[in-house]
Amino acid sequence: MKSIGQILQEARINKKLEIGDIARITRIRPQFLVALEADDYSQLPSGTIARGFIKNYSQFLGLSENQILSVFRRDFVENQEGRILPRGIGSPISQVSLWTPKTTIIAMVTTIITLFAVYIFYQYKTYTGAPPLIVDKPLDQTRTQDSTIEITGSTDPDAVLSVDGKTIALDKGGTYHFRIPLNLGENRVTIVAASKFGKTKSATLTIFHDQ
């Protein structure tokens, strides 16, 4: 499809007219006529003036001004500053996107920093907080007729485990199992896991030894 400039130039050449002659008659400066035929609207003061020149030039050449302006609207758009730009270039100017390659990089860096900070915080809490302490068996309030009972569970491998003040050796992986004697009646057993930073977590079991 022909552009406005090509249509205007072709009509002028067919009529054997010179730019200078048309400029004197239409009172449109020669450089503006040249710009119209070159589809170079950056040389024109504004979009309103550009459309006026197109209308006058089309009428002078005997062309349908409505048809020419329709082609103009097909190929060009006016931005917020009133400048004429090829369609597809003007739209981004009037609709600025906030999501650019720069903002994408910033978002990625921010996400990485945030995840790293969360990881460091988790590690800090892990190393400076109380170690976990799990008692698998027996359950609290257990009753038994045996004179001894086995206690098993797990904690942090680096923790120090004690039962009623006595240190208990941990198995590989932080698991533990030991057997303690029971007195008749109610027995209270306190298990304590201590980290190297002095943070402790404890569990107290009540076990009944029945006859």
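Could you tell me the ratio Rg/Rh of region 133-209? Both radii from Cα atoms, Rh via Kirkwood.
0.98
Could you tell me the calculated FRET efficiency between Arg143 and Tyr122, based on Cβ-Cβ distance and R0 = 25 angstrom, to the nearest 0.05? Spell out each step's value before the answer.
Working: r = 41 Å, r/R0 = 1.63.
According to the calculation, E is roughly 0.05.
Treating cross-link reach as a plain straight distance, find the lysines whose alpha-carbon is under 21 Å from the alpha-carbon of Lys15, omitting any fewer than eight places away in the same chain.
Of all the lysines, those that pass the test against Lys15 - Cα under 21 Å, at least 8 places apart if same chain - are Lys2, Lys55.
What is the angle, in °, between the Cα long axis of helix 65-75 and the longest principal axis of the Cα atoms in the chain? Nearest 10 is fine, range 0 to 90.
Helix 65-75 sits roughly 30 degrees off the main axis of the chain.
Arrange Tyr41, Tyr57, Tyr124 by Cβ neighbour counts within 10 Å, fewest through most, would you?
Least crowded to most crowded, the residues run Tyr124, Tyr57, Tyr41.
What do you get for the angle between helix 4-14 and the principal long axis of the chain? Use alpha-carbon atoms, 0 to 90 degrees, nearest ten.
For helix 4-14, the angle is close to 20 degrees.
For helix 101-128, what angle does its Cα long axis make with the longest principal axis of the chain, in degrees from 0 to 90 and rounded to 10?
Around 10 degrees separate the two axes.
Around Lys2, what is the net charge, scoring Lys/Arg as +1 and Asp/Glu as -1 over all other residues with Cβ under 13 Å from its Cβ?
Surrounding charge for Lys2 is -3.
Take Thr111 and Asp75, extend 7 Å from each Cα along the Cα→Cβ direction, and tell me the distance between the two endpoints in nm.
Label-label distance for Thr111 and Asp75, simple model: 4.4 nm.
Run down the lysines and flag those whose C-alpha is under 16 Å from the C-alpha of Lys166, throwing out any fewer than 8 positions away in its chain.
Lys201
Could you tell me which of the pairs Lys102/Lys125; Lys137/Lys196; Lys137/Lys172 are separated by over 24 angstrom between their Cα atoms in the structure shown?
Values: Lys102/Lys125 35 Å; Lys137/Lys196 26 Å; Lys137/Lys172 18 Å.
Beyond 24 Å: Lys102/Lys125; Lys137/Lys196.
Run the numbers on the chain and let me know its relative contact order in percent, using alpha-carbon pairs under 8 Å that are six or more apart.
Computed over the chain, the figure is 14 percent.
Want the number for Ile25 to Ser46: 0.36 nm per residue separation, take away the alpha-carbon distance, what's left?
That works out to 5.4 nm of additional length.
Run the helix sum for the chain: -39,500 (n - 2.57) per DSSP H stretch of 4+ residues, divided by residue count, reported at 222 nm to the nearest 500 deg cm²/dmol.
Working: 7 runs with 86 residues, N = 211.
Helices in the chain give a 222 nm mean residue ellipticity of -12500 deg cm²/dmol.
On the principal axes of its Cα set, how long, how wide and how thick is the chain? Give whole Å, largest value first.
Each principal axis gives a Cα extent; for the chain these are 126, 31, 25 Å.
Just so you know, all these numbers are worked out from the coordinates, no wet-lab data involved. Quick caveat: nothing in here was measured; it's all calculated off a predicted structure. Quick reminder, even Gly has a Cβ in these numbers, built from the backbone with ideal geometry, and neighbours come from all protein chains shown.
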